[in-house]
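Below is one structure, written out as structure tokens; the observations come after it.
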Amino acid sequence: MPAKRLLPTGFICAFLIACGGGNSGNTPEGGTPTPTPSVAIEGLIRLNQLGYHSQAPKLALVPGAASGDFEVVSTVDNSVVYTGSLSAAEVWQPSGERLRRADFSSLTSAGQFKLRVDGVADSHPFNIGGPEIYADLHDATIKAYYFNRASTELLAEHAGPFARAAGHPDDNVLVHASAADADNPAGSALSAPKGWYDAGDYNKYIVNSGISTYTLLMAYAHYPQAYSRELNIPESGNALPDILDEVLWNLDWMLAMQDSDGGVYHKLTTLRFSGEQMPSAATEPRYVVKKSTAAALDFAATLAAAVRVLEPFAAQLPTGKLAQMESASIAAWDWAQANPEVLYSQADADLSDVHTGEYGDWRLDDEFAWAAAELFLTTEDEKYKQAFITADMAIDVPGWQNVQGLAYMSLANEGQSLVSTEEFNQIAGQVRTLADTIVSDYQASVVRVAMNTEDFFWGSNSQALNKAMMLLQAYRLTPQSTYLDAAYALLDYVLGRNVTDYSMVTGFGERSPMAPHHRVSEADNVAAPIPGFVVGGPQPGQQDECTYPADEPARSYLDSWCSYSTNEVTINWNAPMVYLLGALTHIASQ
Ligand SMILES: [Ca+2]
Ligand SMILES: [Ca+2]
């Protein structure tokens, strides 16, 4: 492998995003040097490495062996600005560690600080400030989608050191035998360009595109004020907010994945994962494979939601685009009605030569419920409302396989004028019940984060972020501070107030992943990973059989290319982070 180039300080800011928030944690010039405290206690102080909104709760985790008071000191002049007492030491079950909390929520003055505890190394520097402190991070988490665009060259003017040649034109995609029909025999070709690479690999999967694209659409729809900044993408400066330009890049691909009978191909893929190559070098044949019910329903839901969110911009879109999306959505729904149990499994004989991500799902009531809810809100046709009621799905934290929470999210935000009071109360009641459970877990947690042992599964960071997104749905119905506090705690967790001491977003925080399982970042000859990607996070499965520093669910994380089970990136893990940052930034500015 070639030697990697190191980036000069500030390079990412200069080329990629209009940085200016100053939340990089650099020591300011001219301050009194901080004396090194004596370190006798093993373990680190862990906190949100990006920082805290002034009005937000502010907690840090301190090793249980420490005791007494803690101090918050200014990084500018080393003055003590706050003193408090540590909580009692308790074991946090998911990590097995004895931990104490330092609560400095009542410190609201803006500035850059460190936390100091006798016998422990000083914390990473962190900021307290206004709504703008997450602006650069928010922009980067959206721009990550641009960096994962298929079928296009990334120019230096937009991508800086991460400029790259185009790859995967996807204008000559083969029809796999599992997808063949009279119109499209096996081996015939079709065109399905654009879209985003799903993750660290170069394939494109409809199921995971659904929840990701929907979440970005709602991020904009619920907090449009948070999307006025431009992201320096090719479409910056046109009449559309850049986040919607980004979404359209993927919607164009999704539309091309629909067959003439309304069915939707499950994925566009090579037969095996490619090597650690740049996109332009990964030229193996690509296929559309079997049409599945899950793909049809996730497609139907996402396209229906897109029609509503994009409607105000109809004049800026190609003529007929919204009508095309709506009829595509309805056609996919109709196909799923006629084909309600076409499951996708690579254990089946007709897919035995396909070895890439499966996104298999054996329970589809939730996909029916979600597509029904979105089509009801878009068309106002009562038959879809009835289908949602018939699916009879209780709310849950959303994930790619478990999407009924998205139905409740849409209905709670947009359904009030379309359903009876009793029906709306039921929908809102489900949202509040879920949020109240998350709040109870938050309040009962030793670390004051609503992450229990069972939440540490593959992509645990997205579980944290999707819980936060659902808390915000309850907050939108009833602006109760505990919903917001529990959501802030989940953000803190992902940004460093976790036992790994990593801020789990590439390029952000004093210690962030340097070797994500992301082919472009691995192959691009730039030492730094592409910024703005949320990695999967700790979970005890260790399916990649790499060597991990610990086995406990909350500690089983490895910053290595090897660790595809904790250190990969995907479009559905970034999306709830985009949503959360937009929401909290907007709420903090009120
Ligand atoms: Ca734009
Ligand atoms: Ca499902």
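Ignoring ligands, DNA and RNA, what percent of the accessible area of the chain is carbon or sulfur (1.4 Å)?
Working: 10490 of 20920 Å².
Carbon and sulfur: 50 percent of the exposed surface of the chain.
Nearest 10 degrees, 0 to 90: what angle lies between the long axis of helix 481-494 and the longest principal axis of the chain (Cα atoms)?
90
Show me 184-197, 473-486 ranked by packing, highest mean number of other Cβ atoms within 10 Å first. Don't skip to the answer; put the middle values down first.
Working: 184-197: 17.3, 473-486: 18.8.
Averaged packing, sorted descending, gives the order 473-486, 184-197.
For segment 322-437, what does the accessible surface come to per residue with a 1.4 Å probe? Please give it in Å². Walk me through the numbers before you get to the answer.
Values: 5050 Å² over 116 residues.
For segment 322-437, the solvent-accessible area averages 44 Å² per residue.
So the label point goes 7 Å from the Cα of residue 277 along Cα→C-beta, right? Which residues of segment 523-551 then have their backbone N under 20 Å from it?
523-526
Indicate the gyration tensor shape class of segment 264-388 (rounded, prolate or oblate), computed on the Cα atoms with a ≥ b ≥ c the square roots of the eigenvalues: a/c under 1.5 is rounded; otherwise a/b larger than b/c is prolate and the rest oblate.
Because a/c hits 1.5 or more and a/b fails to exceed b/c, segment 264-388 counts as oblate.
Only bridges whose two residues both fall in the chain count here: according to DSSP, what percent of them are antiparallel, nearest 5?
So the antiparallel bridges in the chain amount to around 80 percent.
Using a 7 Å offset from the Cα along the Cα-to-Cβ direction at both residue 338 and residue 284, what is the distance between the two label points in nm, to one decimal?
About 3.4 nm, to one decimal.
Based on Cα positions only, what radius of gyration and what Dmax would you give for the chain, in angstroms?
23.7, 76
Counting other C-beta atoms within 10 Å, and keeping those with at most 14, which DSSP coil GluC sites (Glu not before Pro) do you find in segment 38-95?
Those that pass, being in a loop and sparsely packed, are 42.
With a cap of 12 neighbouring Cβ atoms within 10 Å, and only residues DSSP puts in a loop, list the GluC sites (Glu not before Pro) found in segment 379-441.
In loop regions of segment 379-441 (DSSP not H, G, I, E or B), the sparsely surrounded GluC sites (Glu not before Pro) are 380.
Just how far, in whole angstrom, is segment 541-590 from segment 34-87 if you go by their alpha carbon centroids?
Between the Cα centre of segment 34-87 and that of segment 541-590, the gap is 24 Å.
Taking Rh as the Kirkwood radius, which is the inverse of the mean 1/r over Cα pairs, what is the Rg/Rh value for segment 293-335?
Using Cα coordinates only, the ratio equals 1.02.
Kindly state, to the nearest 0.05, the FRET efficiency for residue 543 paired with residue 83, given R0 = 60 Å and r defined as their beta-carbon distance.
The value I calculate is 0.85.
At a 10 angstrom cut-off on C-beta neighbours, averaged per residue, how do the peptides 492-503, 117-128 rank from highest to lowest?
492-503, 117-128
In nm, to one decimal, how far is the modelled label at residue 106 from the one at residue 153, with both set 7 Å along Cα→Cβ?
Result: 6.1 nm between the two label points.
I need two numbers for segment 354-484: Rg to one decimal and Dmax as a whole number, Cα atoms only, in Å.
15.7, 49
For n ≥ 4 DSSP H runs only, could you compute -39500 (n - 2.57) per run for the chain, divide by its residues and tell me the 222 nm figure to the nearest 500?
Only helices count here, giving -11000 deg cm²/dmol.
Give, in nm to one decimal, the length gained when the segment between residue 165 and residue 381 is fully stretched (0.36 nm per residue of separation minus the Cα-Cα distance).
73.2 nm is the gain from fully extending residue 165 to residue 381.
Find the eigenvalues of the gyration tensor of the Cα atoms of segment 49-120, then list the square roots of 5 times those eigenvalues as equivalent ellipsoid semi-axes, largest first, in whole angstrom. Don't skip to the end; give the middle numbers.
Working: eigenvalues 99, 40, 20 Å².
After scaling each eigenvalue by five and taking roots: 22, 14, 10 Å.
The values are calculated or read from the model by the stated rules, or taken from the named source; none is laboratory data. Note that this is a predicted model, so its numbers are computed, not measured. With ideal geometry, Cβ positions are generated from the backbone for all residues, glycine too; neighbour counts draw on all protein chains shown. Heavy atoms of the whole protein, side chains included, go into the accessibility calculation; ligands, DNA and RNA do not. Shrake-Rupley method; radii C 1.70, N 1.55, O 1.52, S 1.80 Å.
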